[in-house]
Amino acid sequence: MLKDELDIVIPTIRNLDFLEMWRPFFEQYHLIIVQDGDPSKVINIPVGFDYELYNRNDINRILGPKASCISFKDSACRCFGYMVSKKKYIYTIDDDCFVAKDPTGKEINALEQHIKNLLSPSTPHFFNTLYDPYRDGADFVRGYPFSMREGAITAVSHGLWLNIPDYDAPTQLVKPLEKNSRKFDLPLRLPILYVDAVMTIPKGTLFPMCGMNLAFDRELIGPAMYFGLMGDGQPIGRYDDMWAGWCVKVICDHMGWGVKTGLPYIWHSKASNPFVNLKKEYNGIFWQEEAIPFFQSVTLPKECTSVQQCYLELAKLVREKLGKVDPYFITLATGMVTWIEAWEELNSAEGTEAEAPNGKNE
């Protein structure tokens with residue numbers, strides 16, 4: 001499905017042996033691999049995949065001074081792949097994520113489910129209690145307005161994870177052994193945690209977006225999928241995807257588009273170190289208590305009719321409002337503006353074409 005209209009973006013610091021498990025599902029698609037960390041390190045990629053490999057030297061060469069908006073030593077570097085892609089859709093996945101199985105033992109084609117989510121409408125303006133009414137065998141419940149059953153365009157499909165949950169460091173520390181299972185724990189009779197459902201996140205509701213199993217309509221919402229300035233040289237990490245999610249949701253609400261969450265699941269194979277994570281998240285744990293109310297209160301002016309206009313307006317408000325919380329947000333707002341400038345430069349009809357990456361599979 002959509003093999004000529006979708007790129008798979010993968011940030012990594014290691015060999016991509018995990019692609020072997022995904023070969024039946026990914027081999028027909030083009031991969032954009034963004035190598036984080038030391039650009040001199042050789043990344044091994046299994047043969048048979050069509051890919052481009054970008055490292056920090058490529059990012060600096062292609063973006064020049066605007067490369068300052070791309071994070072270093074953080075998975076937020078993946079958003080460079082969104083920028084250089086020329087496809088309509090993006091699927092992004094982490095290199096510690098593997099093919100999951102549903103409760104029947106069947107391997108889950110996560111990419112196929114994401115595409116189905118993106119190609120079917122969303123219901124952000126009126127909640128359907130039987131989850132996604134556009135899935136096969138489902139429908140709208142009694143009392144759902146007929147005038148709203150056409151739904152809205154779906155901009156984002158947010159997938160979930162089996163095995164290792166996407167927890168913050170404090171939760172990791174108090175629940176070190178917790179796993180997300182695909183079946184009943186028979187001795188303890190724990191409830192089933194694999195939920196066979198997709199739902200639209202209602203308009204006006206924020207959510208913590210995770211970038212390890214995520215698909216979106218790049219042509220629609222791509223300019224807002226900036227994962228911020230995190231990692232090396234910054235006072236915060238592990239909030240890159242959530243920052244993008246808050247910005248994206250506010251803009252989708254303004255534009256009348258939908259965001260879905262639920263299926264598909266992937267298998268998250270390993271938990272990161274909670275003590276390392278706590279150091280990265282420490283400031284964010286405090287700042288999110290200011291940032292979330294900020295996003296909840298944002299109202300974009302009706303004059304903002306494009307994603308770029310919306311995003312630049314958000315950047316201005318971040319500088320004005322959150323800049324009082326910490327100077328970091330002034331730096332982040334500058335990065336947001338630079339991101340849009342770089343996006344426009346690489347993607348406008350008059351803009352320059354991206355130069356060849358460090359590695360390309362012919």
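The values are calculated or read from the model by the stated rules, or taken from the named source; none is laboratory data. Since the model is a prediction, treat every value here as computed from it, not as a measurement. Glycine also receives a Cβ, built like all others from the backbone with ideal geometry; neighbour counts cover every protein chain displayed. Only protein heavy atoms, including side chains, enter the accessible area calculation; ligands, DNA and RNA are left aside. Shrake-Rupley method; radii C 1.70, N 1.55, O 1.52, S 1.80 Å.
Could you list, in sequence order, the residues of region 176-196 that are more than 16 Å from W267 (Cβ to Cβ) and either at pLDDT below 85 or surrounded by 14 or more Cβ atoms within 10 Å (Cβ to Cβ) (or both)?
Selection gives P176, L177, F184, D185, L186, P187, L188, R189, L190, P191, I192.
What residue, of E281, E313, E289, is in contact with a Lys or Arg (Cβ under 6 Å, 6 or more places away or on another chain) and either surrounded by fewer than 21 Cβ atoms within 10 Å (Cβ to Cβ) or assigned to a helix (DSSP H, G or I) (or both)?
Being in contact with a Lys or Arg (Cβ under 6 Å, 6 or more places away or on another chain) and either surrounded by fewer than 21 Cβ atoms within 10 Å (Cβ to Cβ) or assigned to a helix (DSSP H, G or I) (or both) holds for just one of E281, E313, E289, which is E281.
Test A110 against the criterion of being over 22 Å from C252 (Cα atoms), in contact (Cβ under 8 Å) with a residue 40 or more places away in the chain and of a type in the set (A, V, I, L, M), and give yes or no.
Judged against the criteria, A110 is a match.
Among the residues of region 120-154, which ones are hydrophobic (A, V, I, L, M, F, W, C), open to solvent by less than 60 Å² (accessible area, probe 1.4 Å) and touching a Ser or Thr at 6+ places or on another chain (Cβ under 8 Å)?
V141, A152
Taking region 225-244 on its own, how many of its residues are outside any loop (DSSP other than H, G, I, E, B), of a type outside the set (F, W, Y) and modelled with pLDDT of 95 or more?
Matching residues across region 225-244 total 4.
Hey, among the residues in region 39-63 that are in contact with a strand residue (DSSP E or B) (Cβ under 7 Å, 6 or more places away or on another chain) and not aliphatic (A, V, I, L, M), which one's most open to solvent (accessible area, probe 1.4 Å)?
Only one residue fits best here, namely D50.
Find the residue count for region 117-140, including only residues that are closer than 20 Å to D217 by Cα and not aliphatic (A, V, I, L, M).
10
Would a scan of region 64-87 turn up a residue that is without any contact (Cβ under 8 Å) to a residue 60 or more places away in the chain, open to solvent by 50 Å² or more (accessible area, probe 1.4 Å), over 28 Å from V276 (Cα atoms) and more than 22 Å from the chain's Cα centre (by Cα)?
yes
Right, F275: surrounded by 23 or more Cβ atoms within 10 Å (Cβ to Cβ) and not in a strand (DSSP E or B) or not?
In short, no.
Restricting the first residue to region 235-250 and requiring it to be in contact (Cβ under 8 Å) with a residue 60 or more places away in the chain and farther than 21 Å from Q309 by Cα, which pairs with a second residue that is surrounded by fewer than 24 Cβ atoms within 10 Å (Cβ to Cβ) and among the hydroxyl-bearing types (S, T, Y) meet a Cβ separation below 7 Å and a spacing of at least six or different chains?
Final answer for the pair search is P235/Y328; I236/Y328.
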